[in-house]
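Trainee: Mind looking over this structure? Questions follow.
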Amino acid sequence: MKMYILVKEDVPDHLVPVIAAHASLACFRKYEHDADMQRWINSVFKKAVCKVTGTEFEGAKQVEKNVLLTESSLNDQEVCLCFSPRDEYPKSFKFFRLWRPTAG
């Protein structure tokens, strides 16, 4: 059981930690009474923050139980999708790259 947080690859690195924190809280607040969320919050608490392309981001919007975040400092651009924890995700989620700050 895991919460996925998908961040668009063009979001500046310095914004990603705060966006991911806001995303996990927003997702918890939206789905806090969901049985899977309750099981997750009281047990394993795993999260994966992934960097995705625009195409991957748009495709992931079709997966249920998500929260979409925008960023005011980027002209309210859509920047992140956070998914309520579950046991099974679409196969495509296994291929998303884990987010890491850009070297340099």
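Trainee: Would you check if Glu64 is under 15 Å from Tyr4 (Cβ atoms) and in a loop (DSSP other than H, G, I, E, B)?
Mentor: Considered against the rule, which asks whether it is under 15 Å from Tyr4 (Cβ atoms) and in a loop (DSSP other than H, G, I, E, B), Glu64 comes out as yes.
Trainee: How many residues does region 3-22 hold that are loosely packed, with under 15 Cβ neighbours inside 10 Å, among the charged types (D, E, K, R) and not in a loop (DSSP other than H, G, I, E, B)?
Mentor: 1
Trainee: Identify, by number, the condition in (1) touching a helix residue (DSSP H, G or I) at 6+ places or on another chain (Cβ under 6 Å); (2) not in a strand (DSSP E or B) that Ser84 doesn't meet.
Mentor: (2)
Trainee: Tally the residues that are more than 27 Å from Arg39 (Cβ to Cβ) and over 10 Å from the mean Cα position of the chain (by Cα), restricting the search to region 58-96.
Mentor: The number of residues fulfilling the criteria is 10.
Trainee: I'd like to know if region 32-51 contains one or more residues that are part of a loop (DSSP other than H, G, I, E, B) and under 26 Å from Asp10 (Cβ atoms).
Mentor: Taking every residue of region 32-51 in turn, none turns out to be part of a loop (DSSP other than H, G, I, E, B) and under 26 Å from Asp10 (Cβ atoms).
Trainee: I would also like to ask the following. List pairs: first in region 10-30 and modelled with pLDDT of 95 or more, second in a loop (DSSP other than H, G, I, E, B), Cβ under 7 Å, 6+ apart or cross-chain?
Mentor: These pairs meet every condition: Asp13/Pro101; Asp13/Thr102; Val16/Trp99; Ile19/Val11.
Trainee: Hey, could you check region 23-58 for residues that are touching a Ser or Thr at 6+ places or on another chain (Cβ under 7 Å) and not acidic (Asp, Glu) and say which is surrounded by the fewest Cβ atoms within 10 Å (Cβ to Cβ)?
Mentor: Lys47
The values are calculated or read from the model by the stated rules, or taken from the named source; none is laboratory data. What you are looking at is a predicted structure, and each value in this text was computed from that prediction instead of being measured. Here Cβ is always computed from backbone atoms with ideal geometry, including for glycine, and neighbour counts include all displayed protein chains.
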